[in-house]
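For reference, the structure is listed below as structure tokens.
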Amino acid sequence: MKGDDKRKIVLVGTGMVGMSYAYALLNQNLCDELVLIDIDKKRAEGEAMDLNHGVAFSGGNMEIYAGDYKDCRDADLVVLTAGLPQKEGQSRLDLLKENRKVFRSILEPVLESGFHGIFLVATNPVDIMARIVYEISGFPPGRVVGTGTALDTARLRYLLGEKFIIDPRNMHAYVMGEHGDSEFVPWSQAMMATKPIFDLCSETEGCHFQELLEIEEEVRMAAYKIIEAKRATYYGIGMAMARITKAIFGNEYSVLTVSALLQGEYGEKGVFIGIPCVVNRMGVSRIIELSLSAEEKQRLHLSCETLDQTYQDLA
Ligand SMILES: NC(=O)c1ccc[n+]([C@@H]2O[C@H](COP(=O)([O-])OP(=O)(O)OC[C@H]3O[C@@H](n4cnc5c(N)ncnc54)[C@H](O)[C@@H]3O)[C@@H](O)[C@H]2O)c1
């Protein structure tokens, strides 16, 4: 049994995303115990062996093994990256129905184990899957965290850093909404250091608003482009998940655009969606309400409606 100070993660789904996350955890020394679970048990065992052979080079002493759902009992985090790939001719809604079944089959034994930590969800469509976890688990909303638009925001800041030749960490801008087609950038809230990006566009910095819209579109299309080139995306999301994990275990109170339940914020209710949240040892400790323009509020509303409609269509 682990000591109380040990950081324990159970990862369900040892595919490309799950293992990119596991690899980032090992390299950044982000937990003490990592349990791998997959319906393909042999694969989970092979992945555990492979990672273990890197522990000596990791600068840490992480305990890694293929386990089962009983191991969730004293886990701090259960991370869900399990899912089925879309079959040819299968609609997104049918895929979603299949993945809901997958999640039911996983959550039942996780909950039976007595797990009382935090769920981190990455399986797509992530906002809907996080809502499903919330509904099935009955956990307080802050303890269900979807990866949301954390990765999209990282992509945006990277591209803005390139555009303005500034460290992306000094570009303060978010992608909000669904992790998908209806996501958007609230440009009224975007800053280079503390200077509004809108001001840069009206000065002599050589920035036209049209270029910002092109960057926004590039972010929205990034996953499609990567999938076309190499069939799947996984390193970026693995790093985004590692960042969220670090914020949780470090009790950081960091602002990250994860998928969280709206309960009246921005005038919306009942939907999990990518939104700037304060993340600490409790999961999502609060949602930050930005001063969006009327148009941006409307875009958020439309994104909420899209997600809610998909969720209702599942019934
Ligand atoms: N949130 C994001 O930003 C983001 C980014 C990229 C990918 N994703 C999503 O992450 C998910 C995983 O992608 P991937 O590339 O790793 O897929 P993958 O096919 O490589 O891995 C999925 C794994 O889930 C396992 N699995 C399936 N059913 C299971 C069950 N009932 N119990 C336990 N394990 C089960 C499979 O055996 C497989 O190992 C997909 O839904 C993908 O769309 C999300």
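The values are calculated or read from the model by the stated rules, or taken from the named source; none is laboratory data. Keep in mind the model is a prediction, meaning the values are calculated, not measured. A quick note on method: Cβ atoms are made from the backbone with ideal geometry, for glycine too, and the neighbour counts reach across all protein chains shown. Side chains included, ligands, DNA and RNA excluded: accessible areas come from the protein's heavy atoms. Shrake-Rupley method; radii C 1.70, N 1.55, O 1.52, S 1.80 Å.
Please identify which residues in segment 267-303 have an amide N closer than 20 Å to a label point set 7 Å out from the Cα of Leu93, following the Cα→Cβ vector. Counting only backbone N, you get 271-272, 302-303. In a simple Cβ point-charge model (Lys, Arg +1; Asp, Glu -1; nothing else charged), segment 177-227 has a dipole of about 120 debye relative to its Cα centre.
Considering only beta bridges that DSSP places wholly inside the chain, some 50 percent are antiparallel.
For segment 8-146, the share of accessible area belonging to carbon and sulfur comes to 51 percent (1.4 Å probe, ligands and nucleic acids excluded). At a probe radius of 1.4 angstrom, the accessible area of segment 150-314 per residue rounds to 49 square angstrom.
Please work out the FRET efficiency for the pair Arg231 and Asn29, using the Cβ-Cβ distance as r and a Förster radius of 25 Å; give the result to the nearest 0.05.
Approximately 0.25, to the nearest 0.05.
Over the residues of the chain, the helix contribution to mean residue ellipticity at 222 nm works out to -14000 deg cm²/dmol, using -39500 (n - 2.57) for each DSSP H run of at least 4.
Charge dipole (Cα centre; +1 on Lys/Arg Cβ, -1 on Asp/Glu Cβ; no other charges) of segment 146-249 amounts to roughly 620 debye. Distance between the modelled labels on Asp68 and Thr194, one decimal in nanometres: 5.8 nm (7 Å Cα→Cβ projection). Multiplying the residue separation of Leu302 and Ser105 by 0.36 nm and subtracting their alpha-carbon distance yields 67.7 nm.
With 21 Å as the limit, write out which pairs from Lys6/Lys41; Lys246/Lys297; Lys6/Lys42; Lys6/Lys246; Lys101/Lys225; Lys42/Lys230 have Cα-Cα distances beyond it, or answer none.
The answer is Lys6/Lys41; Lys246/Lys297; Lys6/Lys42; Lys101/Lys225; Lys42/Lys230.
Looking at segment 81-127, the accessible area is 52 square angstrom per residue; that uses a 1.4 Å probe and ignores ligands, DNA and RNA.
How would you order 268-278, 20-30, 107-117 from highest to lowest mean count of nearby Cβ atoms within 10 Å?
Listed from highest to lowest mean packing, they are 268-278, 20-30, 107-117.
In the chain, if the dipole is taken from +1 on Lys/Arg beta carbons and -1 on Asp/Glu beta carbons about the Cα centre, which of Ser113, Pro125, Leu11 is farthest to the positive end? Toward the positive end, the furthest listed residue is Ser113.
Can you give the FRET efficiency for Met282 and Asp5, using 1/(1 + (r/R0)^6), R0 = 25 Å, r = Cβ-Cβ distance, to the nearest 0.05?
Step by step, r from the Cβ atoms, then E = 0.90.
Extension gain for Ile165-Gln309 works out to 47.8 nm (0.36 nm per residue, less the C-alpha to C-alpha distance). The separation of segment 225-244 from segment 29-50, counted between C-alpha centres, amounts to 19 Å. In this simple spin-label model, placing a label point 7 Å from the Cα along the Cα-to-Cβ direction at both Asn61 and Ile39 gives a separation of 3.8 nm.
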